[in-house]
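The values are calculated or read from the model by the stated rules, or taken from the named source; none is laboratory data. Keep in mind it's a predicted model, so treat the numbers as computed, not measured. Backbone-built Cβ (ideal geometry, glycine too); neighbour counts: all protein chains shown.
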Amino acid sequence: MFEIFIFSIITGFSYIGVEWFRRWSLRRNLYDVPNERSSHTIPTPRGGGLIIVLISLTIYLIHALWQDGTFAWSYLIGALLVAGVSWLDDLYTVSFIWRFCVHVAATLLVIFSVGYYEEIFIPVVQITAVSKIGGLILTFFWIIWLTNAYNFMDGIDGIAGIQAFSAGIGWLIIGKLFGADSTGFYGGVIAFTCLGFLIQNWQPAKIFMGDVGSAFLGYTFGVLPLLFEKEIGTTFQNHNLLPLSAIFLNWLFIFDTIYTFIKRLFKKERFWEAHRGHLYQRLVAEGLTHQATASIYGVISISTVLITILWMLNPKIWETFLFLMIGFQSIGILLCLYLKRKGDHKLTEEI
């Protein structure tokens, strides 16, 4: 009950903070002005994710110092670096190279301080294997990818907020179930801070998250499994499931970005430049509202989070169901886009 009260307070503070920031942005004309790559049409204040960063890291610092042994200074510094360069990018535009260098520095800081994946469970073949170098490389690319995935996916009203909320709730429950109380609590902090923001970011959005919020969330969810293992150690029976669990908790964001990345590579496009080629952007372009698209992603994400939790509790029973589920979900998004486009083309021919 006490944590429910705390999370309610956090949601309220987040909502009030975002509202204050929105008014501050309006007074200083800090708008996200639509261009040919935008999914919105009205100039809207951006950078509201700064409130998510400030509230989350403040509570992380207070709680982690109170709970002896759970504080990771490297995560705190890394998160501040990622949020800082992203905030500058929101205000002035920072080149991709500089942002990437900061992401690399923040990632290496965590890897060499907190650790990296030393064991990864491989489904189907039912084995656990990864070399020391392989684990380090996989951890590096995992954090870098998710940091940028959230940034790429924050392109329509509500989608990043609802994904972060569901993933945060996932970590909250997993932490409670397996004894990582501090990491679980921080997952809850992220979730309910995002909920306070989401109230004002739902279509029609009064404010946007900006790179400062999306990159911070991606980096945080990339690091959380490492913080989880740091807290409870490798004595946790299913600790080798953490890498895949972290992927599943953010599945649609990862699937969407990988699919789009590969497609742009084949087209020889510059993948680091802003575009409107993501699956969720194409759904909106085909006529779905921001609300409908974000809701589809949100429902899929929440259902995947629930099955992931069951899988961690009993991998043998739930493994097949989990993989069938994410397979059908991924194909379903592609099929939805195909049918919508086919229907529009048929309607155009009839007219």
Quick count over region 192-226, residues being assigned to a helix (DSSP H, G or I) and either free of Cβ contacts under 8 Å to residues at least 40 places away in the same chain or over 17 Å from Phe13 (Cα atoms) (or both), is 16
Val53 fails exactly one of the following numbered conditions: (1) within 18 Å of Ala149 (Cα to Cα); (2) of a type outside the set (Lys, Arg); (3) modelled with pLDDT under 95. What is the number of that condition? (3)
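Would you mind stating whether Lys206 is under 21 Å from Val53 (Cβ atoms), of a type in the set (D, E, K, R), surrounded by fewer than 24 Cβ atoms within 10 Å (Cβ to Cβ) and modelled with pLDDT under 95?
Numbers: under 21 Å from Val53 (Cβ atoms): yes; of a type in the set (D, E, K, R): yes; surrounded by fewer than 24 Cβ atoms within 10 Å (Cβ to Cβ): yes; modelled with pLDDT under 95: yes.
Here the answer is yes, as Lys206 does meet what is asked.
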Tell me which residues, restricted to region 303-319, are at pLDDT 90 or above and among the β-branched types (Val, Ile, Thr). Thr304, Val305, Ile307, Thr308, Ile309
Take region 288-318 and flag every residue that is surrounded by fewer than 19 Cβ atoms within 10 Å (Cβ to Cβ) and of a type outside the set (Val, Ile, Thr). Gln291, Ala292, Ser295, Ser303, Leu306, Leu310, Leu313, Asn314, Pro315, Lys316, Trp318
Identify all residues within region 1-24 that are loosely packed, with under 14 Cβ neighbours inside 10 Å, of a type in the set (Phe, Trp, Tyr) and touching a helix residue (DSSP H, G or I) at 6+ places or on another chain (Cβ under 9 Å); write none if there are none. Trp20
So which of Leu57, Leu81, Leu50 is part of a helix (DSSP H, G or I), of a type outside the set (Lys, Arg) and more than 21 Å from Ile9 (Cβ to Cβ)? Leu81
Examine region 170-179 for a residue that is surrounded by fewer than 22 Cβ atoms within 10 Å (Cβ to Cβ) and closer than 21 Å to Tyr297 by Cβ, and state whether such a residue exists. yes
Can you say whether Glu229 is of a type in the set (Asp, Glu) and not in a helix (DSSP H, G or I), as far as the supplied structure shows? no
Residue ID - farthest from Thr139 (Cα to Cα), chosen from residues in region 84-105 that are modelled with pLDDT under 95 and among the polar types (S, T, N, Q): Thr93
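Which residues, counting only those in region 234-269, are polar (S, T, N, Q) and either in a loop (DSSP other than H, G, I, E, B) or modelled with pLDDT under 80 (or both)? Give the derivation first.
So in region 234-269, the residues polar (S, T, N, Q) come out as 234-235, 237-238, 240, 245, 250, 257, 260.
Of everything in region 234-269, those that are polar (S, T, N, Q) and either in a loop (DSSP other than H, G, I, E, B) or modelled with pLDDT under 80 (or both) turn out to be Thr234, Thr235, Gln237, Asn238, Asn240, Asn250.
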Got at least one residue in region 17-25 being modelled with pLDDT of 95 or more and among the small types (Gly, Ala, Ser)? yes
